[in-house]
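Down below is the structure, laid out as structure tokens.
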Amino acid sequence: MHGRPRKPSTPVDENASSLKANKIKSLQSQFLHYHHNKIYTEEALKINEKLIEANPEFMTAWNYRKLAFQDKVQALIDEELRVVENALRKNFKSYGAWHHRKWVVSKGNTSTEREIGLLNKFQQLDTRNFHAWNYRRSIAELKNIPDEKELKYTTDMIETNFSNYSAWHNRSVLLSHLMEKKVEGYLQKEIILKEEYEFVRNAVFTDPDDQSGWFYHLWLLDQTVKLDMPTLVSSWPPHGSDINQVTFPIILYFDEPVEGVSSHTVTVQTENDIFKNVTWNPLSTNKFKCAQAWMTHLSIPHEEVNSSKKVQVKVSSEMSDGIISLCGVTSSRPWSFGFTVSVCQNPQPAEGQNRRLSYADESFCIVDTNSNSAGLLTSYFESKTSDYEQSTSSKWKSEMIATEIDQYRDMLTWAESKKIGKLTLARLLTAYDAVMSTGAPDTANVEEVLQLYTELMKLDPAHNQYYKDEYSLALLKQVTSNKESLLKYCWQYKESTSSNITDSLCLRLNNLSLSRIGSFERLLWVQSLDLSHNELHSIEGLEALQLLSCLNLSHNKLSSFMALDPLRFLKSSLQVLDISYNEIGAHTIDTRRYLCSSPMSHTLDYDAKFEEFANGDANLVNFWDAYSIFGGLNLTQLDIVGNVAVDERFALFLAKLLPGLKWLDGEELN
Amino acid sequence: MGELAGEKHAAYILKVEKKKDNLEAVIMEHLRINGAYWGLTTLDILGKLEAVDQETVISWIMSCQHSSGGFGGNEGHDPHLLYTLSAIQILALFNKIETLDIDKVSSYIASLQNEDGSFSGDIWGEIDTRFSYVAICSLALIKRLDKINVENAVKYIVSCKNLDGGFGCTPGAESHAGQIFCCIGALAITGSLHYVDKDLLGWWLCERQTKSGGLNGRPEKLPDVCYSWWVLSSLIIIDRVHWIDKEKLVKFILDCQDTENGGISDRPDDAVDVFHTYFGVAGLSLLEYPGLKAIDPAYALPVDVINRIFLH
């Protein structure tokens, strides 16, 4: 007690003092009674409030208020939880109800057991209720329930009923987390995958028609096959080659889209450091600067052009955290390749094209394997066995896949429903080849794969086109697997129309019923490509072929101008284009629209000059796509007849747009 | 194969628009603005939008706007992103986006983006990739995408990508066709489809086609006409629609019609509603059924409306 003067107490003082003491004593004893009996009524709280006013230092009284507060909150929470449960009984898929529960629980003071209990009840009623699964995930996070425990829950659910896609899905999420976070017991990928393959086999073999296991199996296969980091799989010029151009592109082709290719992460070295300011460009339409193929254009400076000297070029990437895949994995293994450039002192001036190029069979003759162009093809395939950092295919991968192959072959002998067995087997065989590839041809199983897809087209006609696309991709893998098989499709032009075009080989992949194209990493050398008389509706991937000067796409299924978007990236090389007899203009829906550059996807600005160009012509106003794509090309020869969108007026529009055009639909322009 | 009873469906929609007091209408009052979008877009696809009094509709829509700038499902209801999108879409149909105070609406939408790039549906904080789509589509239509952090928005959506190639409402959530549409649509509008494994997702989506020809929303579920939109538009955006049997799907949708009274239901012989009528007709438009206006798969509005907004 501080600051009270010393003075004798009067009887009045003593009386008042004693009254006050009795009052406080009474409050105290009432309060303690309420406190010990956990009574938090309004009256009890009022008593407490009076006591606190009289004696704010009484800690127990403040503690009591906190307990009362918590009790009120608990009552509020319990009431809200009750209301939510009632609502969920009426509709256990209500977003509003589940969110309210989540919101209430976040206010604190809920029991984990109660929430898990509620979830178990709902999940038994409907194992596929994703609201319940999502809520379960949020509770696990909030209450720090370990991933391993939740993984066990998925095991239990699956063992109760294999047909539980939701449980399989959650299993995949939990396992990924555990492996990513390198949790004890989940460090060895091979062991986990082996167990999971066995686990899912039970499900798939018990009921091959149930889809739940299939997707999980596909994920396991992807985990088995995928490389540990983005890898350079191909380049132009090939390692060890000799090229004789003053100006040439360098193309880097990775196994997946990457960001970060720049002069900091990739160096181009020459003896006299002749290439300054090398800029790398992604060959893709997005604004995020990521692509599977990257390129730069280089020119030998005038002063270096010397007939006796070859310029040695080395392209390399040292260990850097620069090149990153879309999931954030860095390409940290160094790679390099080298080639030489020899340019004669007085290079022949580039001849303009003096005759119309024809793709008719009569225009071609067998390839002279000693010619220059054949030489490039040879060096391309020879280099594949040397300097690229091929992923060292670990033995466990091929063994694991081989085991699966045996299992699924066996399944096909007794299962009534063959679809999933054949599809899985085709994928396993393809995966096996991919994993075994160390420069040797990775198409050991391709014949069987082609056979399986052929059977699947008949077995499951609704998904016919899916199997056809897979068939086309496998076929192209086979065609491009080695020099010998590729040469069967290569032809040479008999007559010269201009030196650069007709010196090159023409790769003729026409009439192969191709519905899709791939294997671009093995086609970077192609300058002339004939894909006519196939079933292509997309040319996605062709943008990587930076040397392409002649392209024949006639008699295919291209259904919009937008489908030609990849040609934007070929504006410096493409001269001859044939898109006659396609389906441009015959469709109301454009399936290429969002995969290509357009204002709708914010990947291209609308060019207002188009309106000026179209001159108010109502028919042409719809051809913004055509204007946008052809506007950038430098074609000398174009064939477009046989497309619904193309009429006389449109042809004139194009001729105006392409000042360098000499032949249109077979006619010479003046 | 039956035919599309376009006239009957248009009449059905106009009838529903007028009925405001029966049980069905009252239960749906909280999302009437969504219903208006479904009904009006269907009418436009059928070439019958002039049957509606534009002024009345627009004035009612504007009355649903809240002081915060967002729109509620009906007059006096709290604002939410879901209803804000429908308001903008309807105004786009009528070419009357200028009716909006663009700054106000875009500020409301942008205010709901969280630090991790996700969007809350409203101030109460529910997060779901549906709201990412709604925000991105809304802002793109009024040309204000720059008001949000697009890179983060895309990052969040990508974090919801699953191991089967699909997308869920939040990270780790199971793939579902509705969520997939929202994520694919948002990635399409922001030019970010390179994050999608088109082959993996395409296969998952094409396997939604059941023996009946209809599409379900995820494995081992029943087919439903609304998935003719969610699954189909996703397939079209990633150019894998040729992986399903289009004819069989057309037949399924046509079988879900009530050719006597108009309207389309979720499954043959079930009760019809405006929701499924819209998705059925929109699905048929995506399948290039003759006589229908083409619809854009990402913005869910007729192509001529989208061209008008972006190609000028």
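The values are calculated or read from the model by the stated rules, or taken from the named source; none is laboratory data. On a predicted model such as this, the values are computed, not experimentally measured, just so you know. Quick reminder, even Gly has a Cβ in these numbers, built from the backbone with ideal geometry, and neighbours come from all protein chains shown. Keep in mind that these areas ignore ligands, DNA and RNA; they rest on the heavy atoms of the full protein, side chains included. Shrake-Rupley method; radii C 1.70, N 1.55, O 1.52, S 1.80 Å.
Does the protein assembly as shown classify as rounded, prolate or oblate by the C-alpha gyration tensor (a ≥ b ≥ c root eigenvalues; a/c under 1.5 gives rounded; else a/b over b/c gives prolate, otherwise oblate)? Note, shape of the protein assembly as shown comes out prolate. Rounded, prolate or oblate: which one fits region B:6-311, using the alpha carbon gyration tensor with axes a ≥ b ≥ c (rounded when a/c is under 1.5, else prolate when a/b beats b/c, else oblate)? It is oblate, given that a/c is not under 1.5 and a/b is not larger than b/c.
For the pair residue B:247 and residue A:181, a Förster radius of 60 Å applied to the C-beta separation gives a FRET efficiency near 0.80, rounded to the nearest 0.05. Among beta bridges from DSSP that stay inside chain A, the antiparallel ones total about 70%. With both labels modelled 7 Å from their Cα along Cα-to-Cβ, the residue A:126 to residue A:416 distance reads 3.0 nm. Structural descriptor for region A:467-598: relative contact order 18 percent, calculated from alpha carbon pairs under 8 angstrom and at least 6 residues apart. Expressed in units of 2.2 N^0.38 Å, where N is the residue count, the Cα radius of gyration of region B:39-92 is 1.17.
Among all the lysines, which ones have a C-alpha under 21 Å from residue A:93's C-alpha, if same-chain residues fewer than 8 places away are not counted? The reachable lysines, counting only those whose Cα sits under 21 Å from residue A:93, are A:102, A:121, B:221. Put a dot 7 Å past the Cα of residue A:228, heading toward its Cβ, do the same for residue B:103, and the two dots end up 5.6 nm apart.
Using the Cβ-Cβ distance between residue B:56 and residue A:665 with R0 set to 56 Å, the FRET efficiency works out to roughly 0.60. Once you order the gyration tensor axes a ≥ b ≥ c over the Cα atoms, which shape class does region A:394-476 get: rounded for a/c under 1.5, otherwise prolate or oblate by comparing a/b with b/c? It is oblate, given that a/c is not under 1.5 and a/b is not larger than b/c.
Tell me the relative contact order for chain B as a rounded percent, counting alpha carbon contacts under 8 Å between residues six or more apart.
Relative contact order of chain B: 18 percent.
Excluding same-chain neighbours fewer than eight residues apart, the lysines reachable from residue A:395 by a Cα-Cα span under 16 Å are A:189, A:194, A:226.
Comparing Cα centroids, region A:540-612 and region B:289-311 end up 20 angstrom apart. A straight Cα-to-Cα reach below 12 Å connects residue B:251 with the aspartates and glutamates B:3, residues fewer than 8 places away in its own chain not being considered.
When the accessible area of chain A is computed with all protein chains present and a 1.4 Å probe, what percentage of it is carbon and sulfur?
On the way: 16470 of 32430 Å².
Answer for chain A is 51 percent, counting heavy atoms of protein chains only.
Peptide B:230-243 is shielded by partner chain Cβ atoms: per residue, an average of 4 of them sit within 10 Å of its Cβ. If ligands, DNA and RNA are left out, what is the accessible area of residue A:274 with a 1.4 Å probe, given in Å² to the nearest 10? Rounded to the nearest 10, the figure is 20 Å². Comparing A:253, A:336, A:265 along the charge dipole axis of region A:232-344, the residue lying farthest to the positive side is A:253, per the Cβ-charge model. The mean number of partner chain beta-carbon atoms within 10 angstrom of a residue's beta-carbon across peptide B:172-181 is 4. With a Förster radius of 51 Å applied to the beta-carbon distance between residue A:648 and residue A:398, the computed FRET efficiency rounds to 0.25. In chain A, Cα pairs under 8 Å separated by at least six residues give a relative contact order of 8 percent. Rolling a 1.4 angstrom probe over the protein heavy atoms with all chains in place gives region B:6-311 an accessible area of 34 Å² per residue.
Tell me what chain B gives for mean residue ellipticity at 222 nm when only DSSP H runs of n ≥ 4 count, each as -39,500 (n - 2.57), the sum divided by the residue total, rounded to 500 deg cm²/dmol. Please report the intermediate quantities before stating the final value.
Working: 14 runs with 152 residues, N = 312.
Rounded to the nearest 500, it is -14500 deg cm²/dmol.
For the residue pairs B:161/B:246; A:557/B:248; A:152/B:161; A:149/B:161, alpha carbon separations beyond 25 Å are given by B:161/B:246. Solvent-accessible surface of region A:175-272, taken per residue with a 1.4 Å probe and all protein chains present: 44 Å². Placing dummy labels 7 Å off each Cα toward the beta-carbon, the span from residue B:261 to residue A:244 is 8.3 nm. Per residue, region A:530-571 exposes an accessible area of 20 Å² to a 1.4 Å probe, with every protein chain left in place. Candidates A:620, A:99, A:381 compared by Cα position along the dipole of chain A: farthest toward the positive end lies A:99, with charges placed on Cβ.
For n ≥ 4 DSSP H runs only, could you compute -39500 (n - 2.57) per run for chain A, divide by its residues and tell me the 222 nm figure to the nearest 500?
Numbers: 20 runs with 283 residues, N = 670.
That comes out to -13500 deg cm²/dmol.
Tell me, in nm to one decimal, what length is gained between residue A:270 and residue A:448 on full extension, where the rule is 0.36 nm per residue of separation less the Cα-Cα distance? Spell out each step's value before the answer.
Values: separation 178, 0.36 × 178 = 64.08 nm, distance 4.66 nm.
Extending this stretch completely gives an extra 59.4 nm.
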